[in-house]
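One structure is given below, encoded as structure tokens.
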């Protein structure tokens, strides 16, 4: 049986980079791809911009299925991950086909570029006997788009069942306090309402430690399974009750402070068969007897984060495809004055799919009490083989660190059993590049074992050079369409809705309708003044847009803004209207580099090399300075051009000219940011933001 979930409401963003169909027997169905996340630079963590968390989902049982993914861009190689699960795939005529014998998660990635990732969630068919009676008094039935006025939802009663129907959106930050609670519903989405800065005041919900998390369960004997969290600006799942089960949960977020699953307190928690692609530590744990099983992880931070005292934590079958700041870190201890104990183990972990692997294990600021750590059946790769120059300094896979200003840390007993690096067994400290430093030198014990029972996981990339046909670019930015463009001899027609959204003024091009879809005749873009020229190359069409001195910034649409906080644990970004003027306000700044930014990657790539002018009006709660920066980044470099502007309590017009060179156009991430100057500014307002090409 094949189950295609009801499509999510329009408030959840779609993505047309790939077309996805699933086939079981003689039945083939198209499934939508969603990409509901904030574009961000992930605060300089070397990602070259974190813009995408694409996913598609369905359910099946019985005979196997084939998932076909049509690729619309050029690429040289692809990977189907996790490699440890040995998914069978093939490539034919621009389509990657992945074959599943049973429900599972997988993802594809092109050329090791994180922004190309597409995640597929194939769930088990829901057990109908577990679907509650909609009208029962102890059932809370979520259907369609559910939200509250203030964005928060509390459930304190015991013995309740929250059922989220497939295709529903639970647009709240939920706090589940009752005992014996069940939260179930395949295909359901929990979306963070506070990323709609035009509708919700984030100061009500708060960010990171000072606010509500997107989905928190603190009751005893609770079960949550099936949901997907998207676009969180805070921790995704917080599980703090005794005998708690979190199963088949997915988290997709790009911002900092979006930890995946956090288990701080409680005893006996099972986190099983989950997919976490987040913007901070994926699994955070300090509760007693925490068990992680079959977890697929991608993060801009750390995969496993045992925090403070850790008692009998066991993690097994962990598949890491991205982890910019190490695989396992035991290094955070608040103000680092309390001596900590720890007892945790990791079995069957693979990180061979990571383009960057700074280290396998790092500890810091945990004191001198005994700490027992076991790694067993580990497949990892050497950081010296990293494609990212930012991590070439991290030649050590194990680091016992002591900083001069931290709590002295030692007394670790670490067992390394069947640990393989680049397919070779690690049998001594030299093999793993163990680094120990501090004054005095920490005292730790490492034991190396290999019983020959483990076959390490090897990463397999499918290498080819694929050139996609019938591509349409505006400048150097490829545009992806839900419906395929029509190439008729010398004329090309592109779907009107998607194409015309790229321009910031009303056009009047020639259109025609085919099978209910409106198409634009590309040559008519020149006639109506939207394009300078339409040129054709081998398998592509390039539209050169007109620069006529008008604002290039597109207005925000939907639930997610183009503007985002640059350090969201230090600043709140809200909007307000002053007359007819829309204003952006950054408040509660705790750092001079906190503020807000906007990605302009699309604008610069579409309009090309040249000089641009950013103009705006600014004021602040007191006299001082603001710093405005133009930044661009990819795997190889980060460049910043910053200017300082005097501000006070009156609106003042400002402008900032900057050059977009060819190097800039090659960047993965291009943005401008408003922050405090060299002194912290508690609050400042910005309005009338415009970007023009001179």
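Taken along the Cα-to-beta-carbon direction at a fixed 7 Å, the label points for residue 265 and residue 533 span 6.8 nm. From most to least packed by mean Cβ count within 10 Å, the peptides 564-571, 292-299, 362-369 give 292-299, 564-571, 362-369. Based on Cα contacts under 8 Å between residues 6+ apart, the range 465-545 shows a relative contact order of 33 percent.
Relative contact order for the chain: 9 percent, from Cα pairs under 8 Å spaced at least 6 residues apart, divided by residue count.
Taking 0.36 nm per residue of separation and subtracting the Cα-Cα distance, full extension of the segment from residue 203 to residue 588 would add 137.6 nm. Taking the number of Cβ atoms within 10 Å of each Cβ as an exposure proxy, the fewest-first ranking of 410, 315 is 410, 315.
In terms of other Cβ atoms within 10 Å, 40, 588 run from fewest to most in the order 588, 40. Applying 0.36 nm per residue to the separation of residue 679 and residue 76 and subtracting their alpha-carbon distance, the gain on full extension is 212.3 nm. Annotation: extensible slack from residue 548 through residue 690 equals 49.8 nm (criterion: 0.36 nm per residue apart, minus Cα-Cα distance). Packing order of peptides 449-461, 662-674, highest average first: 662-674, 449-461 (average count of other Cβ atoms within 10 Å over each peptide's residues). When peptides 574-584, 603-613, 126-136 are ranked by their average number of other Cβ atoms within 10 Å per residue, the highest-first order is 603-613, 574-584, 126-136. What is the order of 331, 652, fewest Cβ neighbours within 10 Å to most? Fewest-to-most ranking of 331, 652: 652, 331.
The distance between label points at residue 314 and residue 609 comes to 6.1 nm (points 7 Å beyond Cα on the Cα→Cβ vector).
As a calculated quantity, the FRET efficiency between residue 131 and residue 101 at R0 = 22 Å, using C-beta atoms, amounts to about 0.30.
Binning at 5 Å from 0, report for the range 563-693 what percent of all alpha-carbon pair distances ends up in each bin. That works out to 2, 11, 21, 23, 19, 13, 8, 2, 0, in percent per bin. Inter-part distance, the range 296-345 to the range 111-183, computed on C-alpha centroids, equals 28 Å.
Put a dot 7 Å past the Cα of residue 369, heading toward its Cβ, do the same for residue 470, and the two dots end up 6.5 nm apart. Set the Cα radius of gyration of the chain against 2.2 N^0.38 Å, with N its number of residues, and you get 0.97. Applying the Kirkwood pairwise sum to the alpha-carbon positions of the range 465-545 produces a hydrodynamic radius of 12.8 angstrom.
No lab work stands behind these numbers, since they all come straight from the coordinates. Computed from a prediction, not measured in an experiment: that's the story for all the values here. Note that each Cβ is placed from the backbone with ideal geometry, even for glycine, and that neighbours are counted across all protein chains shown.
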